[in-house]
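The values are calculated or read from the model by the stated rules, or taken from the named source; none is laboratory data. From a predicted model like this one, the values you see are computed outputs, not experimental measurements. Reconstructed Cβ throughout: ideal geometry from the backbone, glycine too, with neighbour counts over all protein chains shown.
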Amino acid sequence: MPKKKPSPKPKARPVATEKSSEKPRPSASLRTYEIPDHRLEHPKFRVYQSGEGSNVEYKIEGDLSAPAPPIRESKYLSREQCLALYRWMLLNRRMEAVLENL
């Protein structure tokens, strides 16, 4: 007796949602990210993209004069890695301040 072929499973249909609960979809060229912010300090500045096509740049709004956060113990980085990262953050903060004044 020949084996029976399994019948194809019906395709799942998307669940209908109410129009009022739907989020507006951005255009295809606009990228949006939702990355959770787990930092202990919340800086008072904002970084955003501006421009179109190949002429896209990052802009910063807000106060960059706040002191750098203290070094904390990490279960992922060694003390030397924390110091290297801290130095890199300070260097970038100084570079941002210089570029802001140009």
Would you check if there is a residue in region 30-43 being of a type outside the set (A, V, I, L, M), at positive phi and at pLDDT below 80? no
Inter-residue pairs, beta-carbon under 7 Å, first free of Cβ contacts under 8 Å to residues at least 12 places away in the same chain and in region 35-57, second loosely packed, with under 10 Cβ neighbours inside 10 Å and of a type in the set (Gly, Ala, Ser), 6+ apart: Glu57/Ser50
List the residue pairs whose Cβ atoms are under 8 Å apart, where the first residue sits in region 74-102 and is under 21 Å from Arg39 (Cα atoms) and at pLDDT 85 or above, the second is in a helix (DSSP H, G or I) and of a type in the set (A, V, I, L, M), and the two are 6 or more positions apart or on different chains. Leu77/Leu85
In region 49-99, how many are surrounded by 10 or more Cβ atoms within 10 Å (Cβ to Cβ), polar (S, T, N, Q) and not in a loop (DSSP other than H, G, I, E, B)? 3
